Amino acid sequence: MSDIKFKDKYRIPSARATWHDYDGGSYFITICTKCREHDFGEIEDGTMQFSEIGKHTQKCIEDIPRHNPYADIPLYVVMPNHLHLIVVIYSNRIPHDKHTVDVIITPPETSLYEMGSKETFQETSLQKKTPIERATEMQSWLSVVIRQFKQSITRYARENNIEFAWQPRFHDHIIRDNDELNGISNYIENNVANWKQDEFYTPRHTL
């Protein structure tokens, strides 16, 4: 997917949205700011006007595949108080031998490097996995991606004296098939236009 991301208004061609091409898992991620503060900017006349931290957040999203070569971000949107991403984790790119994959089970937002002990699941090339089983096993690598991403935004805010904080957790949903992927893609692409009808909508903060 790396040849199409961030092009054509972040659209995903249906021909490239086939589940079995992912060889791992595809996830719909939602992350909110603390107390749903409008830290990333405001929507004015149907356009997202980004704050400094909002612009940096966009950059960090686009940099995720560079820092995590096993991950792709084919589609995303940054809203005033939350963001949505589609994250694809490729099992054949994770830092283990392709035919024997030790998938590390971690709680949400727990870094692999902070764990004292690791519970692992070993997958051999002879085992047959359904797409959902494989996606479930890849969620530990998803947690690494999201944790590192959130930390980079928090660090930038502190270094630049910007008041900012995340909601502690994030929501992840395994995308199960092409129809579901297309529905989520449509939602993301129209999120800004439908802001006032969005479940995360809060009025613009005024002093």
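The values are calculated or read from the model by the stated rules, or taken from the named source; none is laboratory data. In this text the structure is predicted, and so the values were computed from the model without any measurement. Virtual Cβ from ideal backbone geometry, glycine too; neighbours counted across all protein chains shown.
The single residue among Arg147, Arg134 that is surrounded by 15 or more Cβ atoms within 10 Å (Cβ to Cβ), in contact with an Asp or Glu (Cβ under 7 Å, 6 or more places away or on another chain), of a type outside the set (Ser, Thr, Tyr) and in a helix (DSSP H, G or I) turns out to be Arg147. Within segment 163-176, if we keep just the residues that are touching a helix residue (DSSP H, G or I) at 6+ places or on another chain (Cβ under 6 Å) and in a loop (DSSP other than H, G, I, E, B), the residue that is nearest to Glu42 (Cα to Cα) turns out to be Phe164.
For segment 139-176, a residue qualifies if it is among the small types (Gly, Ala, Ser) and touching a strand residue (DSSP E or B) at 6+ places or on another chain (Cβ under 6 Å), and exactly one does: Ser140.
Okay, residues lined up against (1) in contact with a Gly (Cβ under 6 Å, 6 or more places away or on another chain); (2) modelled with pLDDT of 50 or more; (3) of a type in the set (Val, Ile, Thr):
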| residue | (1), (2), (3) |
| --- | --- |
| Leu75 | no, yes, no |
| Leu83 | no, yes, no |
| Lys98 | no, no, no |
| Tyr113 | no, no, no |
| Thr124 | no, no, yes |
| Gln127 | no, yes, no |
| Val144 | no, yes, yes |
| Gln148 | no, yes, no |
| Asn160 | no, yes, no |
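Just the residues that are of a type in the set (Phe, Trp, Tyr) and modelled with pLDDT under 95, please, taken from segment 162-177. Result: Phe170, single match. Here the strands (runs of 3 or more DSSP E) wholly within segment 35-92 that include at least 1 residues being touching a Cys at 6+ places or on another chain (Cβ under 9 Å) are 82-90. All conditions but one from (1) touching a Cys at 6+ places or on another chain (Cβ under 6 Å); (2) of a type outside the set (A, V, I, L, M); (3) farther than 19 Å from Ile53 by Cβ apply to Gln167; the one that does not is (3).
To keep it simple, each residue is scored yes or no on (1) assigned to a loop (DSSP other than H, G, I, E, B); (2) under 22 Å from Glu137 (Cα atoms); (3) not aromatic (Phe, Trp, Tyr).
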| position | (1), (2), (3) |
| --- | --- |
| Asn161 | yes, no, yes |
| Glu180 | no, yes, yes |
| Ser185 | no, no, yes |
| Asn191 | yes, no, yes |
| Glu199 | yes, no, yes |
| Arg204 | yes, no, yes |
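Only residues that are polar (S, T, N, Q) and surrounded by 13 or more Cβ atoms within 10 Å (Cβ to Cβ) were counted in segment 179-201, giving 4. Residues in segment 174-199 that are out of contact with any Ser or Thr (no Cβ under 8 Å at 6 or more places or on another chain) and not charged (D, E, K, R): Gly183, Ile184, Ser185, Asn186, Tyr187, Ile188, Asn190, Asn191, Ala193, Asn194, Trp195, Gln197. Yes or no: Phe40 within 14 Å of Arg204 (Cα to Cα), touching a helix residue (DSSP H, G or I) at 6+ places or on another chain (Cβ under 7 Å), crowded, with 20+ Cβ neighbours inside 10 Å and at pLDDT 50 or above? Yes, satisfied. Pairs meeting the criteria (first residue in segment 146-158 and in contact (Cβ under 8 Å) with a residue 60 or more places away in the chain, second residue hydroxyl-bearing (Ser, Thr, Tyr), beta carbons under 8 Å, at least 6 apart or on different chains) are Gln148/Ser111; Ile153/Thr57.
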